[in-house]
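The values are calculated or read from the model by the stated rules, or taken from the named source; none is laboratory data. Just so it is clear, the model here is predicted, and its values are computed rather than measured. When we count neighbours, we look across all protein chains shown, and the Cβ atoms used for this are built from the backbone with ideal geometry, even at glycine. When the accessible area is computed, the model is the full protein with side chains, heavy atoms only, and any ligands, DNA or RNA have been set aside. Shrake-Rupley method; radii C 1.70, N 1.55, O 1.52, S 1.80 Å.
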Amino acid sequence: MRRIFSTDRVTAWATAALAAMLALALFVPLLARHDPLAIGDVLALRLVPPFGRDAAGAWHLLGTDRFGRDLFVRMMLAARISLAIGVGGSLLAAAIGTMAGALAAWLGGITDRVAMALADALLAIPRLVLLLVCASLWRPGLLTVLVVLGATGWMGVARIIRSEILGVRARPFVEAAHALGVSHWQVLWRHVLPNAIGPAIVATTLGVGNAILLESGLSFLGLGIQPPRPSWGNMIAGGRDLIVTAPWVALAPGIALIVTVLAVTLLGDRLRDTLAGQRAPFARQLGERT
Amino acid sequence: MQNEWSAVARRVADALVLFWLVVTLIFVLIRMAPGDPAEFLVPPTATAGDAARLRAELGLDRPLAIQYARWAGAVVRGDLGESFSTRRPVSRLLLDAAPVSAALGGISLLLTFLIGVPLGMFQAAHRGRALDRLTTLFTTTVYAAPTFWIALALVAVFTYGAATLGLPQAMRLPAFGIRTPGSALYGWAGFIDLARHAVLPVATLAAVGAAGIARYSRSAVADVLTEGWVGSARAKGARPSRVYGAHVLRNITPQLVVLGALSLPGLVAGSVFVESVFSWPGLGRAMLVAIQGRDYPVVMGATVFYAAAVIFANFAADLALPLLDPRRASLPA
């Protein structure tokens, strides 16, 4: 870990940005003078431009939306949900992928063929299309988004884990463990998996940015987090028809989104370069945006 | 020769099996959804008898195996069913929308490579220096931004921004639609009108795509630059434009072809958002409308269509690769 988080400036900035985002997401909605969901005097407060003051004299860093709600406070309330879904969705996908990949590699035969055929079929459908179809079949909401992100994002990790395990399986220490009488599943859990998990961690890190982007996309299209609960995607959607007259309503929430995804992507890139070197055989799969 | 054709045949078989898997998967997905499709198809005033009649009409009262066989058989014949809402054949509906998406995606993909590859080369050539760091930060930021945000930001710049700065009318671009509503422009004027409407959607898709391609080309070119023959080419006096334009480009071409096929899903995703933001009557928008209206035959049809495109692109890239790599005389088994 020391080597990863050493004096590298990009890593330092990215970590600082994420920490700041997390702190703001925790404290800004707590310290806000008004309930970020409540609608007050709409005519006096609505559509204040960034850095402007409303009719009551209150100052708004990023302005207000069409109902007079402070955009910065709402953006940070949305950050809680978007960050949680980004991390949660990516971890869920990684857990499913690790399990599927490990079972496929360890059991082989029909399990392997079925799991990999399913992964191939799912990968042939663009992930956004798959997400849209799944999200439309169930009632939109936080849980649906999480489950759907997990169900459509596990294939990459599964493939990586599978090929890593197939490589590790042939190493002498695995044979030694078997020879010493360690049970079949103990060998997988204690000896093989820990040696195969590295690339999957990189994929999961890069997956967080992807999950945040996909959640915002679903919410933007009305199939993700539903208003009045704010998420970055549905806040951008909420300002969509004001883009010509009050563009900050749609564009401001995007700043937090871009900073977060940028920071996660930079961290993931560094992690990949450190763990795998420049000529990572799986680099292409990891760099792909779905 | 014999060997090559059997390898091609195997690839075709693989692609067909994969397509069949996808068709099955889509069927299972739709059937896994809670609720009876007939329930929300009938108007709220319908009686139980109406729902039963509709169920029989759609074949929803038959065993699942029969339903599956029917759906798979129809897809093979190119019949994707009938739209619930418009009663038009789904294949017609998709084919009507496809040219808009194909033109939008095709032009954007071309621009993506024309911008992304030279940009990546430029970054690799200046690797680690200020110019590289600055442009890499820029491409990574664009890569991190959602497509719909970039689209809206461009709209804001060319409408709100242009108006605020008092720019002339010619600098303001139309933000929505594919043609000026109510206008009957033909010939040259019509083309100009269409082109002006296309600037922002194409720019959005090309920017997002080029950022990704530049990210990839930068590392691919940096790898190639470490090879000994780059030094030899320089030593014999080849100009940089020839080293990069001929030697380096030729060496990363196979990777770019694979990348082109792999970028199709991203392009599809991008076009869904772009068509939604700019109200372009393409496939992505048709699918969104169908999803909002629970028009399942259209949703399933569009999904099959997209999957077929992805499978075909990967198949084509697989076949093209050996032709591009002089070291590989034939397809690997």
Compute, for A:Asp273, the solvent-accessible surface of its heavy atoms (probe 1.4 Å) with the complete set of protein chains present, and express it in square angstrom to the nearest 10.
-> 60 Å²
Fluctuation leader among A:Gly181, A:Gly198, A:Gly209 - chain A, Gaussian network, Cα springs under 10 angstrom | A:Gly181
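Is the C-alpha gyration tensor of the stretch B:76-209 telling us rounded, prolate or oblate? Criteria: a/c under 1.5 is rounded; beyond that, a/b larger than b/c is prolate, otherwise oblate. Walk me through the intermediate numbers first.
Numbers: a/c = 2.39, a/b = 1.40, b/c = 1.71.
Verdict is oblate for the stretch B:76-209.
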Charge-dipole axis of the stretch B:94-324 as Lys and Arg at +1 and Asp and Glu at -1 on Cβ define it, positive-most pick from B:Ile115, B:Val224, B:Ala198 = B:Val224
How much accessible area is lost when chains B and A come together, counting both sides, with a 1.4 Å probe, in Å² rounded to the nearest 100?
-> 4600 Å²
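From Cα pairs below 8 angstrom and at least 6 apart in sequence, can you work out the relative contact order of the stretch B:94-324, rounded to a whole percent?
Working: 233 pairs, mean separation 71.5, N = 231.
Contact order relative to length: 31 percent.
Could you tell me whether the protein assembly as shown comes out rounded, prolate or oblate from its Cα gyration tensor? Rule is a ≥ b ≥ c as square roots of the eigenvalues, rounded for a/c under 1.5, then prolate if a/b exceeds b/c, otherwise oblate. Let's see the in-between values first.
Numbers: a/c = 1.29, a/b = 1.11, b/c = 1.17.
It is rounded, given that a/c, with a ≥ b ≥ c, falls under 1.5.
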Indicate the gyration tensor shape class of chain B (rounded, prolate or oblate), computed on the Cα atoms with a ≥ b ≥ c the square roots of the eigenvalues: a/c under 1.5 is rounded; otherwise a/b larger than b/c is prolate and the rest oblate.
-> oblate
Degrees, to the nearest 10: B:90-125 long Cα axis against longest axis of chain B = 20 degrees
Surface accessible to a 1.4 Å probe, A:Val148 within the full protein complex, Å² | 10 Å²
Residue-wise HN-Hα coupling along the stretch A:136-144, computed from phi with Karplus coefficients 6.51, -1.76, 1.60 (Hz; x: Gly, Pro) | 7, 7, 10, 5, x, x, 4, 5, 4
Picking from A:Glu175, A:Glu164, A:Glu215, which is most flexible by a Gaussian network model of chain A using Cα springs under 10 Å?
-> A:Glu175
Against the longest alpha carbon principal axis of chain B, how many degrees, from 0 to 90 and to the nearest 10, is the axis of helix B:147-156 turned?
-> 80 degrees
For the A:Ile201, B:Asp50 Cβ pair and Förster radius 41 Å, calculated FRET efficiency rounded to 0.05 is 0.15
Note down the accessible area of B:Ile66, probe 1.4 Å, to the nearest 10 Å².
-> 70 Å²
Amide H of B:Glu82: which non-local residues (sequence gap of 5 or more, or other chain) have their own amide H closer than 5 Å, using H built in the peptide plane?
-> B:Val90
Based solely on its DSSP helices, what 222 nm [θ] is calculated for chain A when runs of n ≥ 4 H residues each add -39,500 (n - 2.57) and the sum is averaged over all residues, nearest 500 deg cm²/dmol?
-> -22000 deg cm²/dmol
Dipole in debye (nearest 20) - the protein assembly as shown, about Cα centre, beta carbon charges: Lys, Arg +1; Asp, Glu -1 | 1260 debye
Residue by residue, what Karplus-based ³J(HN,Hα) values in Hz, rounded to whole numbers, does the stretch B:213-226 have, using 6.51, -1.76 and 1.60 with θ = phi - 60° and x for Gly and Pro?
-> 5, 5, 3, 6, 4, 4, 6, 5, 5, 4, 4, 5, 5, 7
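Under a 1.4 Å probe, what is the accessible area of the stretch B:49-203 per residue, stated in Å²?
On the way: 8460 Å² over 155 residues.
Here the residues of the stretch B:49-203 average 55 Å² of exposed surface.
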Once phi is turned into θ = phi - 60°, what whole-Hz ³J(HN,Hα) does the Karplus curve with 6.51, -1.76 and 1.60 give for every residue of the stretch B:17-25, x standing for Gly and Pro?
-> 4, 4, 4, 4, 4, 5, 4, 4, 4
To the nearest 10 degrees, how steeply does helix B:64-76 sit against the main Cα axis of chain B, on a 0 to 90 scale?
-> 50 degrees
With springs only between Cα atoms under 10 Å apart, run a GNM on chain A and tell me which of A:Ala196, A:Ala19, A:Ala256 wobbles the most.
-> A:Ala19
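State in Å² the accessible area per residue of chain A; use a 1.4 Å probe, count heavy atoms of protein chains only, and round to the nearest integer. Each step should come with its number before you reach the end.
Working: 13100 Å² over 290 residues.
That works out to 45 Å² per residue.
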Contact-by-burial set, the stretch B:283-304, min loss 10 Å², accessible area of protein heavy atoms with 1.4 Å probe, reference chain alone, gives B:Met287, B:Leu288, B:Ile291, B:Gln292, B:Arg294, B:Tyr296, B:Val299, B:Thr303
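Ignoring everything except DSSP H segments at least 4 long, calculate the 222 nm mean residue ellipticity for chain B; use -39,500 (n - 2.57) per segment, divide by total residues, nearest 500.
Helix-only estimate at 222 nm: -24000 deg cm²/dmol.
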Find the centroid of the Cα atoms in the stretch A:80-149 and in the stretch A:203-249, then give the distance between the two in whole Å.
-> 21 Å
Tell me which residues come under 5 Å, amide H to amide H, from A:Gly52 once H is placed; ignore anything under 5 positions away on its chain.
-> A:His60, A:Gly63
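Place a +1 charge on the Cβ of each Lys and Arg in chain B and a -1 charge on the Cβ of each Asp and Glu, then give the dipole magnitude about the Cα centre in debye, rounded to the nearest 20.
Numbers: 28 positive and 18 negative charges, 210 e Å.
About 1000 debye.
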